[in-house]
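See below for the structure under consideration.
None of the figures in this text is laboratory data; all of them are computed from the coordinates on show. Keep in mind it's a predicted model, so treat the numbers as computed, not measured. Heads up, the Cβs are rebuilt from the backbone with ideal geometry, glycines too, and the neighbour counts pull from every protein chain shown.
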Amino acid sequence: MLQVLERVLAQRPVQEVIVVDDGSTDATWEKLQSLGTNQRLKLVRHEKNQGKGAALRTGFRQATAPYVVVQDADLEYDPAEYFILLGPVLEGRADVVFGSRFSGAGAHRVLYFWHAVGNRLLTTLSNMATNLNVSDMETCYKLFRRDVLQKITISENRFGFEPEITAKVSKLNVRIYEVPISYYGRTYAEGKKIGWRDGFSAFRCIIKYNFFSRAPLR
């Protein structure tokens, strides 16, 4: 966590970093307190673990900067590539930008074949439902204009956030772009948590938020 924070704070475009401790039990919160005062750093804690979607919902409410990007608490995604995500927005072309692990020539760690198959299947199903043509719906790196996020209510508490936010963004009249990013994936031994149950949950969310959800806006 501290290594990620150092990398994120080192990026010139970063105006604020909102850290949501989702009920950790490994002294993460205590370590965060040791950072002292940093005007760009805001710390929030959930008393109980609620999941990725819940943590992001809390973080989005706290955000005040004009652009918001999601960063996991590991270095599978490189904060040095924020400028790639920001490019289409700062050029006035985009309102939402997805960072794709499956396009371009960035470095990619070679890992699980069936994970890649599942990811592409879920992305295809999401595209069929939303009529978008993204190549990596499940990517962590999603950048939003904050005013776009303010129009959306996140309901999912866990990894269903990705198909939910994609479905709800697709229903807004916003410009969505995709840029290539690198990916330094982890193994399960290194702490990766997502599994096949999350894949079934993502499929449920694709159906729910594209065909049965009528209120994506606040």
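Couple of notes before you dig in:
- Exposure rule at most 15 other beta-carbon atoms within 10 Å, DSSP loop chymotrypsin sites (Phe, Trp or Tyr not before Pro): the chain longest free segment: 1-111
- Paramagnetic label reach from R109 (point 7 Å along Cα→Cβ; backbone nitrogen cut-off under 19 Å): within the stretch 118-149, residues 118-120, 138-142.
- Three principal axis extents of the chain based on alpha-carbon atoms, in descending order, are 47, 39, 37 Å.
- Local electrostatic count, P180, Cβ distance below 15 Å [Lys/Arg +1, Asp/Glu -1]: -2
- Over the C-alpha atoms of the stretch 7-106, the Rg to Rh ratio, Rh being the Kirkwood estimate, stands at 0.98.
- GNM top mover of R101, R175, R197 - the chain, alpha-carbon springs below 10 Å: R197
- Exposed GluC sites (Glu not before Pro) absent: longest stretch of the chain, with sites in DSSP loops and at most 15 other Cβ within 10 Å deemed exposed: 92-189
- Ordered by the number of other Cβ atoms lying within 10 Å of each residue's own Cβ, fewest first, T123, T58, T37, T64 fall into the sequence T37, T64, T58, T123.
- Springs join every pair of Cα atoms under 10 Å in this Gaussian network model of the chain, and among G185, G36, G118 the largest mean-square fluctuation is at G36.
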